[in-house]
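This report concerns only the one structure given below.
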Amino acid sequence: MRQFNVVVLGAGGVGKSALTVRFVRDVFVENYDPTIEEQYHRPMMVDGERDSLEVLDTAGAEQFTSLNEVYIKSGRGFVLVFRQVPWQAILSDLSKYQFNSLTQEVSLKEVESLRKQIFRIKGSENVPIVVVGTKSDLVSEREVPTTTIESLASRWNLPFYETSAKRNWHINDVFEDLLRQMRVRYPPDAAKKTKKKQQKGPCIIM
């Protein structure tokens, strides 16, 4: 069983923790607790093969964005998250959320910025990435039209999923897609060669 590390990135309050916890523990976390950093593990069977995912739920608050470069350097696959409904839709209970003057248009722009940052740090556009829109169950309150997102995903050449942690819609699909991408990007032979290279000691001339 191989292990792949996944990094979940996005602006503050877009639903990264709800998405991650639903995937790992199959529960819906309704109360928003600003995350600094949480790490989870879950084995996953996809296409008859069993692998383990190490999922890092990152902080999205502005004071922690400087850590993104560290996360990106260590990550092998990335879930880029934005919220599809406007903040006005949940003004009825602000105690559950923390906003940094974010509208959903801004959170989508953050995804674009993260995508470019990943390519720059990795030095390649051949990086396993999935784009995720949250709160798809609130259809009547959505701010970003599906057509807009699909157009962006097509232009970026990245898979896109509309999800709902509350309804458990398409959560597993996101991580299954990402796992398939990582298997292709990091085949077993390449992993063995890297490990062998790391284990090989320095050449000593007597």
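One table, with the values for the structure above:
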quantity: Those residues of the stretch 8-28 which are in contact (Cβ under 8 Å) with a residue 24 or more places away in the chain, surrounded by fewer than 22 Cβ atoms within 10 Å (Cβ to Cβ) and either among the charged types (D, E, K, R) or assigned to a strand (DSSP E or B) (or both), in sequence order; calculated: D26
quantity: Pair list, Cβ < 9 Å and 6+ apart or interchain, from the stretch 154-166 residues that are under 19 Å from R115 (Cα atoms) to residues that are among the basic types (K, R) and assigned to a helix (DSSP H, G or I); calculated: W156/R115; L158/R115
quantity: Hits in the stretch 151-206 (condition: at pLDDT 75 or above and among the hydroxyl-bearing types (S, T, Y)); calculated: S151, S154, Y161, T163, S164, Y186
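The values are calculated or read from the model by the stated rules, or taken from the named source; none is laboratory data. As the structure is a computational prediction, the values presented were derived from the model and not from experiment. Methodologically, a virtual Cβ is constructed for each residue, glycine included, from the backbone with ideal geometry; neighbour enumeration extends over all protein chains shown.
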